[in-house]
There are 2 protein chains.
Amino acid sequence: MRGYTFYAKVSRVFQTYPSLSKLLVVSTVGGGSLLAFSDDRPFQTVLNDAGQKPECKKKKVVVLGTGWAATSFLKNLKSDSYEVQVVSPRNYFAFTPLLPSVTSGTVEARSVVEPIRNIVRKRGYQIDFMEAECLKIDASKKILHCKSAQVTNLGGKGEFIMDYDILIIAVGAQVNTFNTPGVSEYAHFLKEVEDAQKLRNTVIDCFERASLPSVSDEERKRILHFVVVGGGPVGVEFAAELHDIVVQDISKLYPSVSNLAKITLLEAGDHILNMYDKRISQFAETKFQRDGIDLKTGSMVTKVSEKDVSTKDRATGQCSTLPYGLVVWSTGIAPRPVILDFMKQIGQGSRRVLATDEWLRVEGCDNVYALGDCATINQRKVMEDISAIFGQAKTNDTGHLNKQEFREVIGDITERYPQVELYLKKSKVKNMVALLDNYEGEIDIEKFEKALSEVDTQMKNLPATAQVAAQQGEYLAKCFNRMEKCEMYPEGPRRFRTSGQHRFHPFRYKHFGQFAPLGGEQTAAQLPGDWVSIGHSTQWLWYSVYASKLVSWRTRMLVVSDWFRRYTFGRDTSRI
Amino acid sequence: MRGYTFYAKVSRVFQTYPSLSKLLVVSTVGGGSLLAFSDDRPFQTVLNDAGQKPECKKKKVVVLGTGWAATSFLKNLKSDSYEVQVVSPRNYFAFTPLLPSVTSGTVEARSVVEPIRNIVRKRGYQIDFMEAECLKIDASKKILHCKSAQVTNLGGKGEFIMDYDILIIAVGAQVNTFNTPGVSEYAHFLKEVEDAQKLRNTVIDCFERASLPSVSDEERKRILHFVVVGGGPVGVEFAAELHDIVVQDISKLYPSVSNLAKITLLEAGDHILNMYDKRISQFAETKFQRDGIDLKTGSMVTKVSEKDVSTKDRATGQCSTLPYGLVVWSTGIAPRPVILDFMKQIGQGSRRVLATDEWLRVEGCDNVYALGDCATINQRKVMEDISAIFGQAKTNDTGHLNKQEFREVIGDITERYPQVELYLKKSKVKNMVALLDNYEGEIDIEKFEKALSEVDTQMKNLPATAQVAAQQGEYLAKCFNRMEKCEMYPEGPRRFRTSGQHRFHPFRYKHFGQFAPLGGEQTAAQLPGDWVSIGHSTQWLWYSVYASKLVSWRTRMLVVSDWFRRYTFGRDTSRI
């Protein structure tokens, strides 16, 4: 009890001086100059006055999920306007970027999770949390079919039905096996905390098994062959962590077999980390070669069997098999079954991913929002609305638009259609008015259409990252917090097809940079403005940013002490 | 790599000044006055000169187990005289006294384990460790049938056969269900690290399940009824930890259901903690009553079904059923199947536990030693040897023994038969000679027998505790280290039945005291010399002793930081 008192006191200090929070992290981690990335605000809680009664019945908001998007939403929501219920099979939030570190024991699983009840409690309000999985969304009746996530003998099936006024879908995605045979049976994944824990034990399993006297040398080599499929950030980081643990820890504890260990990284594309700058890809490839990690690009996996991975070279068509002891599958994501079923109900059955508009509202469905990895924003094309834009822009009665009129809607256009800005930047055009400069005389609808015809080529889907999900959650919570106010005083861009204004500004993603840890205290980072940073100092940037981004002071302390422990004592290879 | 260098340097300092090690622990924990209990020597490693060749073929010693006894043996053995192989299904040593703390998350599972390879590596030599379970000991052929402990798809069954010159059995024991129906299906245990992890998650499961909307109020009460069977130290500590987590953490995170939680402790005897001093039992019972833990003594469990525990009152014979959500079974230990099979082979089939002599050698079998919970020392009775003792003591040719002659063998008798000393103490006799004072005239064999006839009533089996196992491991290792020397210059007591001396002193247990944590920062301790200490200060003694006893500096740091974290942030209730 005293513990909480102490903690509460400290919290209060941080609430009063929020900047202290940043300072402490940075002084803990030692990356003083890297403050820019730390934007956590764990202690700016919203304290509702106890006993405050709502004037009318609150709307019931059900949130599905406790990942980045859902947690960010819950952290930013002022719940006194809503009755919030959360349904998720995991009763905790996991700091997923550290999962590859969990596989090697650099960081403990417990250090990267925080109970969702704890996160919300700190915000000063109670939510109803239900540890259950939503099996079916019935959008027509506004109800959810849920089932308890536990496999226990606590009795009953744990099934129940919930209704909602507003639904927030943030259930994330599942691993995409591309229907490759054998993957779901034999491969390991790296998506959930449990996956990481299982992987950690399986790596130790392999070395223990290889140390048994009954194993032949050939078998030993097979068992110690670790195959990673997918050269994205997760696969690359796992391969790097694995290499580190073998070189730094396993070699000391399993000296008789550690030299047989081999890591192979298979990537279907031409380069690993191909979503990053070329310099980063190249650096990673060179480093991996130097480390003895066997990098096979242009290599597609066709089948996984109990002891072999079958691959096909994309260029030559040549097939080969690799005997393995452990295979990790990390090639991308696919929608969960509950989402696929929901998409069919609302007429999105032909799409691959659930689509929302720019305000994160699910298309074809009222009062349902979707964010994070389970949805993509279906950015509206300029060309679809071109005549409506023309019509709204032109205030005179002629069929022509003059530049002055055009200038007045430019703000609304750039806000509503973010591809415009990207197009201007890419084609190095000074501003939108300049697009019309090529056309002489007055601008009619045809000229206008022609001038903007190339803009939609710059439409981009957002990456399925924690950063995007977290920003979407925060954005949506802020919209919810100002729902009533913005209903009366809309602040969004002009509605081109009808009249008036949108209630809110559409969601806009701000890219703060991305890391690719490469092992051996080397990290690459792609920062905003095409700035690339690689090496040992970037590792410290990484430590600093990740420590500051962690969800609570508890996890922050744990992760930092895990790093310290790894540095001092090495990693723990107990198989528990 | 640098990490190890830093660590190695620090280690060297502690090797040079071993007392520093104690100092640091105590200053970490803050229990300055409690130094007497800290006798760890983690850094007094024995460094063999590299390249030192053995002169003749080394004897092959196989150790079964990585628990207290085996690890203590390995830590104290100078392996340059032996070729050591270790077989155990667990590749780590677990600090079992902290397992009840793991169930509540006060301490993390990872913090109480240390890889056995790491422990041995620090001793400066390599052992062959095999992560496997010994399924059968074939003492006639001197071979072991083993099987890999893993359930993986690594290929092969992982079965193999090993031979040995000397076998050390330290496999521990398993839970004793007393054949009560339903226990192995429905009850949880608290014996291994996995048990503790599972228990932790199941406690959270119960609260999550009770929070679901589909559950009736009656069902909710059942799910939150925690039944602990067995009022020994483990059961009591688990009940206390459970009470703490409910009061301190659950009540904040599950406010709607936490008040329904109820803990019942069932004990077949008349008192809980009946192996301790009465004052401790009474204090514990009063504290539990105050805490609202339902204590039912004299209550035997007859059956466990999916949702109910059936009990029978020992006094009244009344039967009743208790609906439960979680039942923890902690009533005692029984031999493992491999030991039972081995006992049949060597003619111990009719015994309940594997018997060794006072030098820990298995009776009826050469070159096999057994220690820890898997065996008991079959203390030799004075009465069995009474005529041999008489014959050896008397040096004259008459049929009588004089007191001077008797005095000369007293040392050997008290060493060989520890019950003698206990008897003298209990019957308040000054010394052994005084035993003969009641008899007038010269002592013949009949009088001698009569004088010592009551001595054997004081024979006691050692308790199945970590402390006994650890002392046995250390004792045996020290015997092994001086095997050759003691073969030539025996140092043990006189052999009464044959001639000459025993090679070694028999094993003698030194009791350093025992703790019983009772929750709420209250601990009871029974210290040597019938000294009892109860209360808050004893909790600090407990912290101090346990921190100092931990097997490595890594685990020490982790456990201390776990305590700090619990104190500051509360316990983690994530279900992973």
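Odds and ends about this structure:
- The gain in end-to-end length when the B:Arg279 to B:Leu135 segment is fully stretched comes to 47.4 nm, 0.36 nm per residue minus the alpha carbon separation.
- The protein assembly as shown - percent of accessible surface contributed by carbon and sulfur, probe 1.4 Å: 51 percent
- The Cβ shell under 13 Å around A:Ile116 holds other residues with a net charge of +2, Lys and Arg each +1, Asp and Glu each -1.
- Computed from the alpha carbon positions, the gyration tensor of region A:380-460 leads to an equivalent ellipsoid with semi-axes of 19, 14, 11 Å, biggest first.
- Using θ = phi - 60° in the Karplus curve 6.51 cos²θ - 1.76 cosθ + 1.60, the 3J(HN,Hα) couplings for region A:80-96 round to 5, 8, 9, 9, 9, 10, 10, 10, 7, x, 10, 8, 9, 9, 10, 7, 4 Hz; x is entered for Gly and Pro.
- DSSP H segments from chain A that extend 15 Å or more along their own axis, Cα-based, with Kyte-Doolittle mean of 0.0 or above: A:18-29, A:233-245
- Dividing the Cα radius of gyration of region A:183-331 by its Kirkwood radius returns 0.95 for Rg/Rh.
- In this view, the solvent-accessible surface of A:Phe160, computed with a 1.4 Å probe and all protein chains in place, comes to about 10 Å².
- Annotation: amide H of B:Leu295 within the under-5 Å range of B:Leu265, sequence separation 5 or more or interchain, hydrogens built in the peptide plane.
- Shape class for the protein assembly as shown, computed from the alpha carbon gyration tensor (a ≥ b ≥ c): prolate, with a/c not under 1.5 and a/b above b/c.
- In terms of its alpha-carbon gyration tensor, chain A comes out prolate; a/c meets the 1.5 threshold, and the first ratio a/b outweighs b/c.
- The amide H of A:Ile443, built 1.01 Å from its N in the peptide plane, has A:Leu401 as neighbours under 5 Å, considering only residues 5 or more places off or on other chains.
- Other-chain or far-sequence residues with amide H under 5 Å of B:Leu326's (modelled H): B:His225, B:Val227
- Antiparallel DSSP beta bridges within the protein assembly as shown, as percent of all bridges there, nearest 5: 55 percent
- Cα gyration tensor shape of region A:451-518, rounded if a/c is under 1.5, else prolate or oblate by comparing a/b with b/c: oblate
- Whole-number accessible area per residue in Å² for chain A, which is evaluated in the context of all protein chains at 1.4 Å: 44 Å²
- Cβ-derived FRET efficiency at R0 25 Å, B:Glu306 paired with A:Glu185, nearest 0.05: 0.20
- Solvent-accessible area lost in complex, 50 Å² minimum, residues of region A:526-564 relative to chain alone, 1.4 Å: A:Arg554, A:Met557
- For region B:162-177, the Karplus equation 6.51 cos²θ - 1.76 cosθ + 1.60, evaluated at θ = phi - 60°, returns couplings of 10, 9, 8, 8, 10, 10, 10, 9, 9, 8, x, 10, 10, 5, 9, 8 Hz by residue, with Gly and Pro reported as x.
- Contact order normalised by residue count of region B:183-332, Cα under 8 Å, 6+ apart, percent: 33 percent
- DSSP bridge orientation in chain A - percent antiparallel, rounded to nearest 5: 55 percent
- The aspartates and glutamates within cross-link reach of A:Lys312, meaning a Cα-to-Cα straight distance under 19 Å and a gap of 8 or more places when in the same chain, are A:Glu267, A:Asp270, A:Asp294.
- In chain B, Cα pairs under 8 Å separated by at least six residues give a relative contact order of 18 percent.
- Once all protein chains are placed together, B:Asp291 keeps about 40 Å² accessible to a 1.4 angstrom probe.
- Of all DSSP-defined beta bridges confined to region A:183-331, some 40% are antiparallel rather than parallel.
- Radius 12 Å from Cβ of B:Val338, net charge of other residues (Lys, Arg +1; Asp, Glu -1): +1
- Across the identical copies, how the B:Asn274 labels are spaced - nm, sorted shortest first, 7 Å along Cα→Cβ: 7.3
- Considering only the Cα atoms of region B:255-327, their convex hull presents on average a projected area of 5.9 nm².
- Label point distance in nm, A:Arg495-B:Ser251, each placed 7 Å from Cα along Cα→Cβ: 5.3 nm
The values are calculated or read from the model by the stated rules, or taken from the named source; none is laboratory data. Just so it is clear, the model here is predicted, and its values are computed rather than measured. When we count neighbours, we look across all protein chains shown, and the Cβ atoms used for this are built from the backbone with ideal geometry, even at glycine. These area figures cover heavy atoms from the full protein model, side chains too; ligands, DNA and RNA do not enter into them. Shrake-Rupley method; radii C 1.70, N 1.55, O 1.52, S 1.80 Å.
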